[in-house]
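The values are calculated or read from the model by the stated rules, or taken from the named source; none is laboratory data. Small disclaimer: the values here were computed from a predicted structure and weren't measured. Reconstructed Cβ throughout: ideal geometry from the backbone, glycine too, with neighbour counts over all protein chains shown. When the accessible area is computed, the model is the full protein with side chains, heavy atoms only, and any ligands, DNA or RNA have been set aside. Shrake-Rupley method; radii C 1.70, N 1.55, O 1.52, S 1.80 Å.
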Amino acid sequence: MTTTTHPVQPVLSARRRWTVLAVCCLSMFLVGLDTTIVNVGLPAIGRGLDVDTRGLEWIVDAYTLVLASLLISSGALADRFGRRRVFRCGLAVFGAASVLCALAPSAGVLVAARALQGVGASMLSPVALAIVVNAMPDPKERAQAIGIWASVFGLSMAAGPVTGGALLAGLDWRALFWINAPVVAAALLLSAVFVPESRAPRARRLDLPGQVLLTAVLAVVVGVLIEGPRIGWTSPAALTGCAGATVATAGFVWVESRRPEPLMDLRLFGRPVFTGAVLGAVAVFVALSTTLLLNTLYLQHTRGWTPLAAGVATLPLAVGATVCAPWSGRMTGRTGPRLPLLLAGGFITVGGLCMVSLTQHTSVLLLLASYTLIGVGFGFANAPITNTAVDGLPPARAGVAGAITSTARQLGSALGIAVAGGLVATAGPTGLAQASRPGWILVGGCGVLVFLVAHMARPKEDATDLAAAQPR
């Protein structure tokens, strides 16, 4: 067997390492921002393009679906062809797709452009994390960096509604996409100057059958969840979709278990700590996306708030996520992932349960308290989940490690949007609060799942045994 070798990467100075982190955080801010900035503008987009709630769900999920589907392959491409090269390519694709979104004349074009945005974003999320891991060889410094990285990502997702609301206060919904252009330009320039090139010591083959099957599974599952309330859960189309998803999942497991270099090494899920990290990532982002969508629709449709006011209402969520994520990163570096995950699960559970009796006239203070609790839980969750997943794989596969966790996050976002949208798709302004109550129960349930995941994590995780078990 021939092994491709690459020059040993020089150790970067402390200033250069943290500059690399800043550049990667800038790209991650874009990815997270675009996941949620559209939420607050959905009513405006619906009016401008004459789209109903299910069409609006597709505008959101076209991005997250493609992003989730391609993350692992993008991570493998980056490990093979160069992380900085793929990173900068992703920035260019993302920027071009954002322009197409801003110019979209119809809902169909906007959905297609959002999917193209997802292609570009898939080259940013796992690759940015791999670049950070490669630049930070010290485990404690790496844990702190991942905490900052998670903080920026959490801030971007939580700040999306606020930013979107501010833009919509003086401009139309197309400004939600024009804002990406200057950020992309800055990130392209800074990455060319400061980010070093790096590759995995051993190149991995692309798994095209696995990629096709994974995309099919995610697309069919989310598609059935979005369209199920309209076509009927027992209709021939829905039952066919469920059968197709089952077959595609079985095919994916069969193919991946037999390939020498699979898209997703299913043996990893035999380790409770890794499986827990993936389940935790899904649960946290189901909770976040459900919260943001239900908040947008409830405040604007039921209570008649402006997009800016609805966005500002999520500020406590953004503050909680931003303050707690670096704290969680330091805590993870010192004591391991269990304690921050316990805190995350507790806060998310209480935050969701605060809203299970939501009415048209629920106190604004209770709303803000709920958003704060969920934001704090979100902030505590990301660093231990990310750090556990990265530590659970050999360093040479950092791109794939980040991609698996990021795939779980985006899958959670897509599922949350699909489920929450399905709950309120046919509800009018007066009935939306009651229709959304199962969604808030779901948020609380996600917190319980994170709490259970915390008990699967050991105080200190040693990935040596897993690295030794990986195929060479």
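Go through Thr296, Val93, Pro105 and say which Cα lies farthest out towards the positive end of the charge dipole of the chain; charges sit on Cβ, +1 for Lys and Arg, -1 for Asp and Glu.
Val93
Suppose R0 equals 56 Å; then what is the FRET efficiency for Arg15 and Val356 from their Cβ-Cβ distance, rounded to the nearest 0.05?
It comes out at approximately 0.70.
Once every DSSP H run of n ≥ 4 in the chain is given -39500 (n - 2.57) and the sum is divided by its residues, what mean residue ellipticity at 222 nm do you get, rounded to the nearest 500 deg cm²/dmol?
After summing the helix terms and dividing by residue count, I get -26000 deg cm²/dmol.
Just how large is the dipole of region 1-121 about the Cα centre, in debye to the nearest 20, putting +1 at every Lys and Arg Cβ and -1 at every Asp and Glu Cβ?
Using only the charged Cβ atoms, the result is roughly 740 debye.
Identify, among Leu341, Ile146, Gly48, the residue whose Cα sits farthest towards the positive end of the charge dipole of the chain, taking +1 on the Cβ of Lys and Arg and -1 on the Cβ of Asp and Glu, with the dipole about the Cα centre.
In the chain, that residue is Ile146.
Measuring from centroid to centroid over Cα atoms, what is the spacing of region 159-173 and region 252-324 in Å?
Centre-to-centre distance over Cα atoms comes out at 22 Å.
Roughly speaking, to the nearest percent, how much of region 301-340's 1.4 Å accessible area is carbon and sulfur?
72
For the chain, give the magnitude of the charge dipole about the Cα centre (Cβ charges: +1 Lys/Arg, -1 Asp/Glu; no others), in debye to the nearest 20.
Working: 33 positive and 19 negative charges, 210 e Å.
In total the dipole reaches around 1000 debye.
Answer rounded, prolate or oblate for the chain, using the Cα gyration tensor with square roots of eigenvalues a ≥ b ≥ c: rounded when a/c is under 1.5, else prolate when a/b is larger than b/c, else oblate.
Judged from the Cα gyration tensor, the chain comes out rounded (a/c under 1.5).
Once fully extended, how much extra length lies between Thr249 and Glu197, figured as 0.36 nm per residue of separation less the alpha-carbon to alpha-carbon distance?
15.2 nm
Helix hunt in the chain: which complete DSSP H runs extend at least 27 Å axially by C-alpha with mean Kyte-Doolittle at least 1.6? Could you put the intermediate results ahead of the total?
Working: long enough: 14-49 (50 Å, 1.00); 53-81 (41 Å, 0.82); 83-103 (30 Å, 1.06); 139-170 (46 Å, 0.68); 208-231 (33 Å, 1.68); 236-256 (29 Å, 1.10); 272-297 (37 Å, 1.81); 315-335 (29 Å, 0.41); 364-391 (41 Å, 1.28); 398-424 (39 Å, 1.19).
Both cut-offs are met by 208-231, 272-297.
Points 7 angstrom from Cα along the Cβ direction at Arg85 and Asp172: gap in nanometres?
Here the modelled spin labels are 4.2 nm apart.
Quick one: ranking His455, His361 by accessible area, 1.4 Å probe, largest first, what do you get?
Result, largest first: His361, His455.
Find how much the distance from Val323 to Val212 grows on full extension, using 0.36 nm per residue of separation minus their present alpha carbon separation; answer in nm with one decimal. All intermediate terms of the calculation are to be shown ahead of the outcome.
Values: separation 111, 0.36 × 111 = 39.96 nm, distance 3.93 nm.
Extending this stretch completely gives an extra 36.0 nm.
Mind giving me the nanometre distance, one decimal, between the label points for Arg437 and Leu100, set 7 Å out from Cα along Cα→Cβ?
Simple spin-label model gives 4.4 nm for this pair.
Under 1.5 on a/c is rounded, so check that first for region 222-359, then, if it is not, pick prolate when a/b is larger than b/c and oblate when it is not; a ≥ b ≥ c are the square roots of the alpha carbon gyration tensor eigenvalues.
Taking the square roots of the gyration eigenvalues as a ≥ b ≥ c, region 222-359 is oblate.
Applying 1/(1 + (r/R0)^6) with R0 = 56 Å to the Cβ-Cβ distance of Glu141 and Ile231, what FRET efficiency is obtained, to the nearest 0.05?
Between Glu141 and Ile231 the formula returns 0.60.
Per residue, how much accessible surface does region 106-199 expose to a 1.4 Å probe? Answer in Å², no decimals.
Numbers: 2970 Å² over 94 residues.
Per residue, region 106-199 has 32 Å² of solvent-accessible surface.
With labels modelled as points extended 7 Å from the Cα through the Cβ direction, what inter-label distance (nm, one decimal) is found for Arg259 paired with Val448?
With each label point 7 Å from Cα toward Cβ, the separation is 3.6 nm.
Quick check: at a probe of 1.4 Å, how many percent of the accessible area of region 116-175 sits on carbon and sulfur atoms?
That fraction is 63 percent.
Give, as a single signed number, the net charge of other residues whose beta carbon lies under 14 Å from the beta carbon of Leu124, with Lys and Arg counted +1 and Asp and Glu -1.
Every neighbour counted, the sum reads +4.
Using the Cα centre of the chain as origin and beta-carbon charges of +1 (Lys, Arg) and -1 (Asp, Glu), tell me which of Ile131, Val60, Leu176 is placed farthest towards the positive end of the dipole.
The Cα lying farthest towards the positive end belongs to Ile131.
For Leu188 and Leu368, what does the FRET efficiency come to when R0 = 35 Å and r is the distance between their Cβ atoms, rounded to the nearest 0.05?
0.40
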